[in-house]
Each structure stands twice: as structure tokens, then as C-alpha cells.
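Novice: Quick one: structure below, then a few questions.
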Amino acid sequence: MKILSMDQKRGYIELVVENDTDIWVLYTILEEKDLVSAKTTRDIKFESGSERVSMTLTVRVEKVEFQPFSDKLRIHGVIVEGPEEYGVKGKYHTLSIGIGDKITIWKEKWFEHQIKRLVERRALSRILVTLFDYYSVCIAIASEQGVKVLEESDSGVPSRKDRGSIDEFMKNYMFDLVDTIIKYIDNSGVNLVLIASPLDYAKKLKLLLAERRKDLKIYVDHVSSGDCSSLKETLARDSFKEIVRDAHFVKIQDILEEFKKLLIDKLEYVAYGLEEVEEMVLNNAVSKLLISEELIKSYETSIRARVENMLEEAYVRRAEIYIVPREHPVHVEIKGFGGVVAILRYPVYR
């Protein structure tokens, strides 16, 4: 995110969207009744017919739509400011915000933790993960937004009785797999690849891929199965964490693991659920906090207000705050703990 100008007293921030993670961050920050101004196009009726006209409009936000791993944010609302000659004020419009777009956001109140999310520079690692074995292949992208499976398919391997046929098949299979991996690399813009398989097939595939694409950083690991059920196991390993050690993706996993260990051994050092974590935040007890994207984007206005106030108090008290995207492998676990978990600075017996 590139911040062009900001005035908290007047309540606005002008910025340029630089990547798809910025799109997701905006999605977590925008709320109903915010004002958003951006360049757009709209059908305008003239005597000679209808014409798509370029203009700058400001809408009062009613709904924000975002699909994980997409590069577009759709902001629906009522136009409050626009060219007078077109008579658009008071009508509904949808702003489509993408990478490279400049927008201005007005809020009645900006929380400090919201501004921090806008201005912080993230480690934007995007990794293509390929798992494969005799029977199946799983290809996925891991990023700050979570994990997206791109392909899961069967290999079509011949019977194990025909050893020679299997060896020949795997050789051709890996050549085809290299073509598939390169296709996804070109479409996704990644330059980090993790390949995992049983035996030494991952090393062989790495050599084949490196011959074709010398610009890539390629890592190999071992995995018991090549289907997508092994993704969570692979992404939790130290080898994967070393590749993206500075990314929020990994920090979220590490904090949850620490939380679960404390939950068993030192219960007085953890809290979970909105009510309990709220109390711990106000007592200045929270050191690290994980909160689900769903809780932040709750449809209940009262819940959203509580969440934003809690996050602001946590930020002021210097707690580490991480929002867990819906597509992150641990999101379901966080939801199971009420959507928010915390590690405490000191023991609280209750």
C-alpha cells in the first residue's frame, strides 16, 4: 500500500493499491457508512443513446465484496458526490478497485490498528507448493491470504506389477508436471516453489524444473502422500517455515501452536473467545492475539464495534495482532475457539 496523503483530523487517507494483499487488507478495514472515492465508469443516457463515461465518484459504503486470491475489490453504495451534469447523486453504484488504483477513504473515526495495517510493509511471499506421488498430485499457492488449491488430480499410474512401466511412466509424468508447474508460475507471478514427494522424486522434479526455469528458487521436502490432505502437514513443517520465515502466514501458525501448548500446560497464560479476550486486553495482559477474518467482518454491528474497540485497545497496549484469513489452514481452529485467541503476558487465574 502506498500512502499518498493522510489527515486523521479530517478523517481521510489517500492511497494506491500495490498488490493483491493490499486488496485483502482494504476488505478487512472498510465498513458500512465509510466514504470511498475513486475513478470509475458509469452508463449515462444521452439523447443519442447510452454511453459509458469515465468519472470520479464518492460512494457511502453499504457492502464490500472480495474473493480470496483475486485482485479486485467491489464496493457497493450510494453516490454522495459526482459530476453534477450527469445527475448521479443519490443513485447506487459499484466501485471496482484493483492493483494500481488510487482511492480515498473517509471514516468518522480511524483506529490506530487500522492505520497500522494500511501502512505496514508485509513480506509478500507467494509460494507454489507441489505435492505428488505415484497416484496423485496437488498444486496450491500459499500466501498472506491463506492457501488456494489450484489442481488436484490422479496420476493414472500403471499396475505395480509392471515395475518397468511404472519407472517409465514416472519419468514422463514428471516432464508433464514441469509443464503444469510452469503454467501456474506464469499465471500467478510466483518465484518460490516447494516440491514434496515420497522417495527421491521431489529432487528429480527439482532438477527438471531448474533446467527450464533458472530464475526460480526451488525447495524440496518429503511428504507421505501426494494428495491435498497432506498440505496442512507440509505447511506446518520447519522446512516451509524457513522459506517464508518473515511472513504473517507462518507467524500465525507459530502463535497458534504456542497457544495450544500453553492451553495444556499453563492454562493461566491463555484466553479465548471474545468476552474473555476483551477482559484480558483491558487488563493489559495480552501479548499476542489471533482473530479470524470472519469475526472482524461480522454481520452484527454490535460485534464489529466490540471487535474494533478490542483491537484498538490491544494495539495501544502493544500486543501483537494477526488477522487470520478465511483460507488460512488454521482458520477453522481459530473459529473453534470463538474466533479469537490470546497469549498472555502474565498468569491470570480464573
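The values are calculated or read from the model by the stated rules, or taken from the named source; none is laboratory data. Quick caveat: nothing in here was measured; it's all calculated off a predicted structure. For neighbour counting, all protein chains shown are included, and Cβ atoms are generated from backbone atoms with ideal geometry for every residue, glycine included.
Novice: Across region 166-187, which residue is farthest from SER225 (Cα to Cα) among those that are crowded, with 16+ Cβ neighbours inside 10 Å, in contact with a Leu (Cβ under 9 Å, 6 or more places away or on another chain) and of a type outside the set (Val, Ile, Thr)?
Specialist: It comes out as TYR184.
Novice: Separate question: Please give the number of the condition LEU207 fails out of (1) part of a helix (DSSP H, G or I); (2) touching a residue at least 12 places away in the same chain (Cβ under 8 Å); (3) not β-branched (Val, Ile, Thr).
Specialist: LEU207 satisfies every listed condition except (2).
Novice: Give LYS107, LYS116, LYS72 a once-over and let me know the one that is surrounded by 13 or more Cβ atoms within 10 Å (Cβ to Cβ) and within 22 Å of TYR12 (Cβ to Cβ).
Specialist: Numbers: LYS116 fails: surrounded by 13 or more Cβ atoms within 10 Å (Cβ to Cβ); LYS72 fails: within 22 Å of TYR12 (Cβ to Cβ).
The conditions single out LYS107.
Novice: Mind checking which residues of region 10-21 are buried (at least 22 other Cβ atoms within 10 Å of the Cβ) and within 15 Å of LEU95 (Cβ to Cβ)?
Specialist: Once the filter is applied, which keeps residues that are buried (at least 22 other Cβ atoms within 10 Å of the Cβ) and within 15 Å of LEU95 (Cβ to Cβ), region 10-21 yields only VAL17.
Novice: Farther than 15 Å from LEU26 by Cα, surrounded by 15 or more Cβ atoms within 10 Å (Cβ to Cβ) and at pLDDT below 95: which single residue out of VAL88, VAL59 fits that description? Don't jump to the end; show me each part of the working.
Specialist: Numbers: VAL59 fails: at pLDDT below 95.
Exactly one of VAL88, VAL59 is farther than 15 Å from LEU26 by Cα, surrounded by 15 or more Cβ atoms within 10 Å (Cβ to Cβ) and at pLDDT below 95, namely VAL88.
Novice: Would it be correct to say that SER5 is of a type in the set (Gly, Ala, Ser), crowded, with 16+ Cβ neighbours inside 10 Å and out of contact with any Leu (no Cβ under 6 Å at 6 or more places or on another chain)?
Specialist: no
Novice: Also: Name the pairs whose Cβ atoms lie under 6 Å apart, with the first residue in region 226-255 and in contact (Cβ under 8 Å) with a residue 12 or more places away in the chain, the second part of a helix (DSSP H, G or I) and surrounded by 15 or more Cβ atoms within 10 Å (Cβ to Cβ), and 6 or more positions between them or separate chains?
Specialist: Within 6 Å, the pairs are LYS241/VAL250; VAL244/VAL250.
Novice: Of ILE141, ILE103, which residue is closer than 29 Å to LYS251 by Cβ, at pLDDT 95 or above, of a type in the set (A, V, I, L, M) and touching a strand residue (DSSP E or B) at 6+ places or on another chain (Cβ under 8 Å)?
Specialist: After ruling out the rest, the residue left standing is ILE103.
Novice: Of the conditions (1) on the phi > 0 side of the Ramachandran plot; (2) without any contact (Cβ under 8 Å) to a residue 40 or more places away in the chain, VAL61 fails just one. Which one is it?
Specialist: Of (1) on the phi > 0 side of the Ramachandran plot; (2) without any contact (Cβ under 8 Å) to a residue 40 or more places away in the chain, only one is false for VAL61: (1).
Novice: A further question follows. Which residue pairs have Cβ atoms under 6 Å apart, sit 6 or more places apart or on different chains, and have a first residue in region 321-333 that is charged (D, E, K, R) and a second that is surrounded by fewer than 20 Cβ atoms within 10 Å (Cβ to Cβ)?
Specialist: Filtered contacts from region 321-333: GLU327/PRO68.
Novice: Among the numbered conditions (1) at positive phi; (2) surrounded by fewer than 20 Cβ atoms within 10 Å (Cβ to Cβ), tell me where GLY339 comes up short.
Specialist: (2)
Novice: Just the residues that are basic (Lys, Arg) and either under 17 Å from TYR322 (Cβ atoms) or buried (at least 23 other Cβ atoms within 10 Å of the Cβ) (or both), please, taken from region 266-298.
Specialist: LYS288, LYS297
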